[in-house]
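Note sheet for the following structure.
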Amino acid sequence: MHTDDHWISTPLTADLLRGALDVERTEHGLLPHRLPARARAQCADPQLAMAEAQPSGVRLAFRTRATAVELDTLPTKRNYVGAPPRPDGVYELLVDGVPTGRGSVTSGHTLTIDMTAGTAERATGTPGTVRFTDLPDTDKTVEIWLPHNETTELVALRTDAPVEPAPDPGRRTWLHHGSSISHGSDATGPTGIWPAVAASLGGVELINLGFSGSALLDPFTARTIRDTPADLISLKIGINIVNHDLMRLRAFAPAVHGFLDTIRDGHPTTPLLVVSPILCPIHETTPGPCAPDFSGIGEGRLRFRAMGDPAEVPLGKLTLQVIRAELARLVADRSGSDPNLHHLDGRDLYGESDAEAHPLPDGLHPDDDTHRLMARRFAARAFAAEGPFAP
């Protein structure tokens, strides 16, 4: 048992974090952000504010001989009216890259969301502690991956041996942008989301700009990618644009061109992979918008359905089939003058046969097994010797 005399408190600073693009000092501690303040100031959407503050892919990384680690955090839990309580976010500890422990913080703020009324009510809570013990008494790199789906203010870090920031691992940095599927959707832990698994398989450092409901070709996101150092960049484009019924075909192609142009202003020759949507049967031939089906929410079952009219596709409404064809055409056109621009059909990650073997539980989002399946396939295509991200 550790007593207060055995603990060493280490100030929480940005140099202990990986995967965050900004940090905010709050009254409680340090809040990681995945969009910089300038970008956040350009969009008042509460969905994006919630998504970018959820630290998907963000982890603490430090060197230490400590055998015990305590991290105090103040999470923000989400509850949905009429649905059973959501599970607590998961913290995962890795020692020299090997998964070694998992834990949760049960206290924190609570955000109660009424999806039928479009309202949210916040209740103030208190910090809690996640504790990891029995770590090897050797010099090691410790990573604590923060919950991918739970806003997390970092309050205090305690160990039973001194801590210093982990040195640069010397790996390439992969920046990925996408939707809730890239954010982590229904994965049960932060290292199990498909970009994290793919990054591990590819031997790269991950910056995950997967924003639930918010992969919408926003100019401030393009500028963020432009200004962020990265060796490899991928963009998974399409599903949120259909979900929101955001634009028509006339606007879509110029918006993609503009997004890519902005990124190329800062990364003129960086390998850039455009990934079209994975298979999503509800939106293959039916446009958005997408709406939740609440009929099973009392039993913890939520499904989504497409509300658009397929007859409007010839008038410019977007489906996933339309978007895939347009992205393939657009990348082919640009790659003649941009040899480092590449395309990957999302159905190579999850396609028709997978929908039978691994159906999307809610009609939109993959489960744990499907995240791992997608990660293995992405790594085999992107990081292979002949792939766009080849070593």
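The values are calculated or read from the model by the stated rules, or taken from the named source; none is laboratory data. The shown structure was predicted, so the numbers you read here are calculated from the model rather than taken from an experiment. Note: ideal-geometry Cβ built from the backbone for every residue, glycine included; neighbour counts use all protein chains shown. Ligands, DNA and RNA are excluded from the accessible area calculation, which covers all protein heavy atoms including side chains. Shrake-Rupley method; radii C 1.70, N 1.55, O 1.52, S 1.80 Å.
Being closer than 25 Å to residue 107 by Cα, under 23 Å from the mean Cα position of the chain (by Cα) and open to solvent by 30 Å² or more (accessible area, probe 1.4 Å) is not true of residue 126.
Let's see how each residue does on (1) of a type in the set (A, V, I, L, M); (2) out of contact with any Lys or Arg (no Cβ under 8 Å at 6 or more places or on another chain):
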{"position": "314", "(1), (2)": "no, yes"}
{"position": "317", "(1), (2)": "no, no"}
{"position": "320", "(1), (2)": "yes, yes"}
{"position": "324", "(1), (2)": "no, no"}
{"position": "331", "(1), (2)": "yes, yes"}
{"position": "342", "(1), (2)": "no, yes"}
{"position": "345", "(1), (2)": "no, no"}
{"position": "354", "(1), (2)": "no, yes"}
{"position": "359", "(1), (2)": "no, yes"}
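Whenever a residue of the stretch 187-210 is acidic (Asp, Glu), its partners that are in a helix (DSSP H, G or I) and buried (at least 24 other Cβ atoms within 10 Å of the Cβ), lying with C-beta atoms within less than 9 angstrom and at least six residues away or across chains, give the pairs 205/199. Counting only strands (runs of 3 or more DSSP E) wholly contained in the stretch 288-391, the ones carrying 1 or more residues that are among the aromatic types (Phe, Trp, Tyr) and either in contact with a helix residue (DSSP H, G or I) (Cβ under 9 Å, 6 or more places away or on another chain) or open to solvent by 30 Å² or more (accessible area, probe 1.4 Å) (or both) occupy 303-306. How do the pairs read when you match residues in the stretch 215-237 that are farther than 19 Å from residue 327 by Cβ with residues anywhere that are open to solvent by less than 20 Å² (accessible area, probe 1.4 Å) and in a helix (DSSP H, G or I), using Cβ under 9 Å and keeping only pairs 6 or more apart or on different chains? What qualifies is 220/39; 223/39; 223/263; 224/39; 226/263.
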